[in-house]
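Single-structure report; data block below.
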């Protein structure tokens, strides 16, 4: 057999789900129910633009600007919009502030509601049955698996997200960060710390 | 939405079809074809159903449930009836199998 031609005589067949998605996309665009340009814009946004760096900006601002923190407490969605960050679906964001008395943690027991505009697409563990079922039932155990051990006296409050209300945890500002500017502070704010399964990092 | 670009880190989707599926669903909702609360309710029901037999992971299982939900919604509304979706899926499969490697894969219509 001569081997001077391609090993694959035809194009590589996509997976079954990939073909099913392609079929839906074909049908819906043909019928004018979705606009291919709108699809591209959504992909661009969620693959490249949004992510936890945006939530971290909100937290860093809240730590450094008491007026912003006050505005966030009053109407989180409006305060966040002043930073140029807003949801596509008009969802309501509620910032929940960690204190020495209360640690906040977020879950969606129904499916996977999540503050997309602030944190992007949720990680796999957030979407797993294990986390969704256990976060409410045994939050301290779940936190321990994330390496978070809270002081005895600190309560854990678990917030169940919905399609209408998404929560953003404002972690406690780490000690020894008085001299840092907002960009330096934002670098200490991990995705998990804004879901409540982590704490803000210590400065290097 | 700000124009800055996310720092490179973990990819939000494991496979391109998951991103396409996500975009398709969001686009349908944004175009007003269904509300997001209606979506989450339908999706939650499928997750519950699929998760009855064994706990679902947040990756393949999750996106599979998402796809099943969207197919079901579109079948119910008639925008992409099951038969039609299966036919078009078969057309794509044939097109991939009959298009020489390296050439763009297209279906008629």
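The values are calculated or read from the model by the stated rules, or taken from the named source; none is laboratory data. Given the structure is predicted, the values throughout are model-derived calculations rather than measurements. Glycine also receives a Cβ, built like all others from the backbone with ideal geometry; neighbour counts cover every protein chain displayed.
Restricting to the range B:96-108, count the residues that are farther than 28 Å from residue B:39 by Cβ and facing chain A (nearest Cβ under 8 Å). Give the steps one after another, and end with the answer.
Restricting attention to the range B:96-108, the residues satisfying the condition of being farther than 28 Å from residue B:39 by Cβ are B:96-106, B:108.
Checking the rest, the ones that are also facing chain A (nearest Cβ under 8 Å) come to B:96-103, B:105.
Going through the range B:96-108 one residue at a time, the tally reaches 9.
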Response to the item:
When residue A:59 is run through (1) within 8 Å of chain B (Cβ to nearest Cβ); (2) touching a strand residue (DSSP E or B) at 6+ places or on another chain (Cβ under 9 Å), the failure sits at (1)
Item to complete: Quick one: count up the residues across the range A:87-101 that are surrounded by 17 or more Cβ atoms within 10 Å (Cβ to Cβ) and within 26 Å of residue A:203 (Cβ to Cβ).
Response: 3
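Looking at the range B:78-87, can you tell me whether even one residue there is more than 7 Å from chain A (Cβ to nearest Cβ), modelled with pLDDT under 95 and surrounded by fewer than 15 Cβ atoms within 10 Å (Cβ to Cβ)? Explain how you work it out, then say what you get.
Initially, the range B:78-87 is screened for residues more than 7 Å from chain A (Cβ to nearest Cβ), giving B:78, B:81-83, B:86-87.
So of that shortlist, the ones also modelled with pLDDT under 95 come out as none.
No: the range B:78-87 contains no residue that is more than 7 Å from chain A (Cβ to nearest Cβ), modelled with pLDDT under 95 and surrounded by fewer than 15 Cβ atoms within 10 Å (Cβ to Cβ).
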Discussion item. Of the conditions (1) farther than 15 Å from residue B:71 by Cα; (2) surrounded by fewer than 17 Cβ atoms within 10 Å (Cβ to Cβ); (3) within 30 Å of the chain's Cα centre (by Cα); (4) at pLDDT 95 or above, residue A:16 satisfies every one except a single condition; which number is it?
Written reply: (1)
Worksheet item: If only one of A:84, A:51 is modelled with pLDDT under 95, over 28 Å from residue B:74 (Cα atoms) and surrounded by 18 or more Cβ atoms within 10 Å (Cβ to Cβ), which one is it?
Response: A:51
Response to the item:
Those residues of the range A:24-56 which are assigned to a loop (DSSP other than H, G, I, E, B), at the interface with chain B (Cβ under 9 Å from one of its Cβ atoms) and under 30 Å from residue B:72 (Cβ atoms) amount to A:31, A:33, A:34, A:35, A:50
Discussion item. Going by what's in this entry, would residue A:78 be described as in contact with a helix residue (DSSP H, G or I) (Cβ under 9 Å, 6 or more places away or on another chain), part of a helix (DSSP H, G or I) and assigned by TED's automatic domain parsing to the domain that holds residue A:165?
Written reply: yes
Practice prompt. Report, by residue number, each residue of the range A:9-24 that is in contact with a strand residue (DSSP E or B) (Cβ under 9 Å, 6 or more places away or on another chain) and over 13 Å from residue B:107 (Cβ atoms).
Written response: A:9, A:10
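Step by step: first the residues of the range A:126-137, then only those that are within 13 Å of another protein chain (Cβ to nearest Cβ) and in contact (Cβ under 8 Å) with a residue 12 or more places away in the chain, then the one that is nearest to the chain's Cα centre (by Cα). Which residue is that?
Restricting attention to the range A:126-137, the residues satisfying the condition of being within 13 Å of another protein chain (Cβ to nearest Cβ) are A:126-135.
From what is left, the residues that are in contact (Cβ under 8 Å) with a residue 12 or more places away in the chain are A:126-127, A:131-133, A:135.
Values: A:126: 9, A:127: 11, A:131: 15, A:132: 15, A:133: 19, A:135: 16 Å.
Top of the filtered list is A:126.
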Discussion item. Just to be sure before I move on: is residue A:1 modelled with pLDDT under 95 and either assigned to a helix (DSSP H, G or I) or more than 7 Å from chain B (Cβ to nearest Cβ) (or both) in the structure I sent?
Written reply: yes
Response to the item:
Of the residues in the range A:138-194, those that are assigned to a strand (DSSP E or B), touching a helix residue (DSSP H, G or I) at 6+ places or on another chain (Cβ under 9 Å) and within 14 Å of chain B (Cβ to nearest Cβ) come to A:160, A:166
Worksheet item: Which members of the range B:47-106 meet the condition of being in contact with a helix residue (DSSP H, G or I) (Cβ under 8 Å, 6 or more places away or on another chain) and touching a residue at least 40 places away in the same chain (Cβ under 8 Å)?
Response: B:59, B:63, B:66, B:67, B:70, B:79
Fill in: Selection count where residues are part of a helix (DSSP H, G or I) and surrounded by 15 or more Cβ atoms within 10 Å (Cβ to Cβ), scope the range B:14-36
15
